[in-house]
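Please read the structure below before turning to the comments.
The values are calculated or read from the model by the stated rules, or taken from the named source; none is laboratory data. Just so you know, these numbers come straight off a predicted model, no measurement behind them. Heads up, the Cβs are rebuilt from the backbone with ideal geometry, glycines too, and the neighbour counts pull from every protein chain shown.
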């Protein structure tokens, strides 16, 4: 991340807000900010960068089909198809100036700081609105002339961290839930689900995706799985015999569909989970092996001999 932006060489800071969407696209405004606000945004950025520490030397890749914790350290390729909305946000310039954009905080969808370093590189720090909408109806106290008084005006409150950062090449995600709402991940997956399912049928030739294409168009979780599978490059290596065996062991009912196979009604989601390496069985005692669905598809690295020795 530090090779994509000069965090210690920031030359300008701007503050923008998003007030939702119109028929022509996102409604973003630039709000004039003094040096105190700019310094506060720098602090928010520094706090976010400190919290975004990957495990080891490699960043965990953001996956559409993952179920993430409240905070993570993830990275996504800005050029990937699901990042279309985020890519457009980073590329936007020339925002209309609107000093009154914060007059009604309940309208805010998210805000973002725009940082530029001495090399002209741009970074955005984005925070969704859910964390500060409640401030509108809160009661605030202030010490004025040693007297405790009510603050009568509506108050906008900056958060301590951004949900995610956008550089020219990557998105660095700290809070997946906030990122997914701003990135419109589910909307993108649902809109493209049927098209991506049909395309997968050309890659996994033994599986009939016609019924799956209809299914994913009405199920958000399945649509996200399809989007994740669509970005995979290893699906051509899946073997029909091994897939059928794994399906039988993990409770996925497959049936003949001409020369191909297809999931039976009720097994559509299980079929997609199997393809995404999320459905599995394990046996540690005699008897029938139970089937499970993994919340994460992250591959576990083999334990080394040195680690075992320790």
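Observations
To keep it simple, each residue is scored yes or no on (1) assigned by TED's automatic domain parsing to the domain that holds residue 169; (2) more than 30 Å from residue 220 (Cα to Cα); (3) out of contact with any strand residue (DSSP E or B) (no Cβ under 8 Å at 6 or more places or on another chain).
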| position | (1), (2), (3) |
| --- | --- |
| 19 | yes, no, no |
| 29 | yes, yes, no |
| 42 | yes, yes, no |
| 46 | yes, yes, yes |
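- Single match in 241, 231 (criterion: touching a residue at least 12 places away in the same chain (Cβ under 8 Å) and surrounded by fewer than 18 Cβ atoms within 10 Å (Cβ to Cβ)): 231
- Subset of the stretch 9-37 [at pLDDT 95 or above and surrounded by fewer than 17 Cβ atoms within 10 Å (Cβ to Cβ)]: 9, 11, 12
- The listed residues are 261, 226, 282, and the only one of them that is surrounded by 15 or more Cβ atoms within 10 Å (Cβ to Cβ) and more than 22 Å from the chain's Cα centre (by Cα) turns out to be 261.
- Test: residue 93 is within 30 Å of residue 61 (Cβ to Cβ), modelled with pLDDT of 95 or more and out of contact with any helix residue (DSSP H, G or I) (no Cβ under 7 Å at 6 or more places or on another chain): yes
- Looking across 74, 89, 45, 78, one residue alone is over 18 Å from residue 177 (Cβ atoms) and crowded, with 20+ Cβ neighbours inside 10 Å. It is 45.
- Residue within the stretch 152-168 that is within 20 Å of the chain's Cα centre (by Cα) and not assigned by TED's automatic domain parsing to the domain that holds residue 51 present: no
- Any chance residue 197 is touching a residue at least 40 places away in the same chain (Cβ under 8 Å), crowded, with 20+ Cβ neighbours inside 10 Å and outside any loop (DSSP other than H, G, I, E, B): no
- Restricted to the stretch 207-305, the set of helices (runs of 4 or more DSSP H) holding at least 2 residues that are more than 23 Å from residue 193 (Cα to Cα) and in the same structural domain as residue 193 (by TED's automatic domain parsing) comprises 240-250.
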